[in-house]
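Only one structure is covered here, and it is reproduced in the block below.
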Amino acid sequence: MDLDEKKDFNKQLMSLAVPLAVQNLLTSLVGASDALMLGRLTQDAIAAVSLANQVSFVMSLFYGATVVAASVLVSQYWGKGDYLNVRRFLAMSIRYAVGIGVVFTLGAFFFAEQIIGILSPEQELIRIGSEYLRIVCFSFVLTAVLSSFLMIMKVSGHAKLSVWISVVTVTVDMAADFFLIYGFGKIPALGANGSAYSTIVVEIIALTWCVIWTQRNEKIRIEKDTLFYFSKEYERDMWKIIPGMLASSLSWGLSITMHSFILGHLGTDATAAASVTTVAQQLIQGLTHGFATGIGIMIGQLLGRNELDKAKRYGARSWKVTLLLGIINVGLVCIVGPLVYIFYVLEPQAKQYLVQMLIFLAFYMFAFAYNTIFTCGVFPAGGDSIYDGISVLIATWCFAIPLALIACFVLHLPVMVIYVVMCLDEIVKVPFIKWRYNKYIWLKNLTKETAG
């Protein structure tokens, strides 16, 4: 890669990654603002809402897999200039999102107590969490569909617009949280339920904005014939990618739910401390995901134009990005950690756990950056979606989770030992990324000529 190409790479990456990282940060702040407001309410409230939000988190693993699969194909067709197929795969992503959202909405509404009861035996957490879940579930379809529209914004070069949408939604969410959780004037204090109502309002605003923008853009406008277009061949193209992405997201995501299950059986101090650590982690992860998505879009568009050699050079340049991001992530933990420690109202034991969890988080986030740029950016750009699923399955479900279950329920080890063992999966995956990269399975043009 010569100097001009390096400059071009850096310019493209920053124009994509910075808005995407900011948008991810602001999206995280929507959830974090709920947690921040509840953190000033009671420890039970933040713990219960954290458990209830595991449902929407698991749902995001399903629609996220379909959106990422669609984004791989949309990126390549966008690079090729085939906008008809861009619209078709966008519509396909929306249809999948609606179906997934409906299923999870019905399940959460009718089985709220049973779901929270699985995650924690604490009766007060079950009561608060189930009430919250029955309300917030009405945002599920909106959230799932919104992800498809945000995806097309990123691929089409309008990532900055997603930032403005996030700015508005964060502002509205924080204001609504304040008034609905604590009450103001004639507005009653709704506690944790107020956070659920504010989430619904925010999703309605964001989705309405995205739909209006999309319909005004000729290249990606969704018409009735496009929305309901069906092709077995195109479905096969999607399903060549979806299983790998779904295996990856489910293996990783369900491990997070398993973390909640284990910590939920260690008491509210451990649950609350882990919940606060997760808030810090999600705020920092947005930067890495922004760069991973940006690199994936850049390489995907090159592959769609059949510029394989240039895509290969862009992949090689990504190694320097991983190391830089790892260092930045450690620095961000050092900044965000003290802030969440000061802000949240926790019991002394929970605060002690929080300090120790944040220290380990610094090591975890370095490994996370190293892995994510490739497993969520470079590899999927060319259709290599299966590796991440395999690596998560082995590192998480064959190593970290079994050891954590033994440590918790058999050996009854201290909370922090269990927490560290649960989070070793990202570190275990690090040595194998370079080996997979050098196979160049990801270097593929997946496009085909437009079908009628």
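Remarks
- In this structure, Ile394 does satisfy being open to solvent by 80 Å² or more (accessible area, probe 1.4 Å), within 25 Å of Ser318 (Cα to Cα) and β-branched (Val, Ile, Thr).
- Cross-chain or 6+ apart pairs with Cβ under 6 Å, the stretch 331-343 first and closer than 11 Å to Val355 by Cα, then charged (D, E, K, R): none
- Filtering the stretch 213-236 to residues that are part of a helix (DSSP H, G or I) and open to solvent by 80 Å² or more (accessible area, probe 1.4 Å) leaves Lys224, Asp225, Lys232, Arg236.
- Verdict on Phe104 being without any contact (Cβ under 8 Å) to a residue 60 or more places away in the chain, in contact with a Ser or Thr (Cβ under 9 Å, 6 or more places away or on another chain), buried (at least 19 other Cβ atoms within 10 Å of the Cβ) and closer than 30 Å to Gly129 by Cβ: yes
- The set of residues in the stretch 411-452 being open to solvent by less than 20 Å² (accessible area, probe 1.4 Å) and in a loop (DSSP other than H, G, I, E, B) consists of Cys423, Trp442.
- Output for the stretch 111-163, where each listed residue is part of a helix (DSSP H, G or I), open to solvent by 10 Å² or more (accessible area, probe 1.4 Å) and small (Gly, Ala, Ser): Gly117, Ser147
- Residue match in the stretch 320-341 (condition: modelled with pLDDT of 90 or more and outside any helix (DSSP H, G or I)): no
- Every test in (1) surrounded by 22 or more Cβ atoms within 10 Å (Cβ to Cβ); (2) modelled with pLDDT of 90 or more is passed by Thr268 save one, and that test is (2).
- With respect to (1) over 20 Å from the mean Cα position of the chain (by Cα); (2) within 24 Å of Met151 (Cα to Cα); (3) part of a helix (DSSP H, G or I), the lone exception for Cys408 is condition (2).
- Taken over the stretch 241-296, the criterion of being farther than 30 Å from Leu411 by Cβ and in a loop (DSSP other than H, G, I, E, B) is satisfied by Ile241 alone.
- Of all residues in the stretch 60-70, at least one satisfies being of a type outside the set (S, T, N, Q), open to solvent by 10 Å² or more (accessible area, probe 1.4 Å) and more than 16 Å from Phe140 (Cα to Cα).
The values are calculated or read from the model by the stated rules, or taken from the named source; none is laboratory data. Treat the numbers as computed from the prediction; the structure is a model and nothing was measured. Every residue, glycine among them, receives a Cβ derived from its backbone with ideal geometry; neighbour counts consider all protein chains shown. In case anyone asks, the SASA skips ligands and DNA or RNA and just uses the protein heavy atoms, side chains included. Shrake-Rupley method; radii C 1.70, N 1.55, O 1.52, S 1.80 Å.
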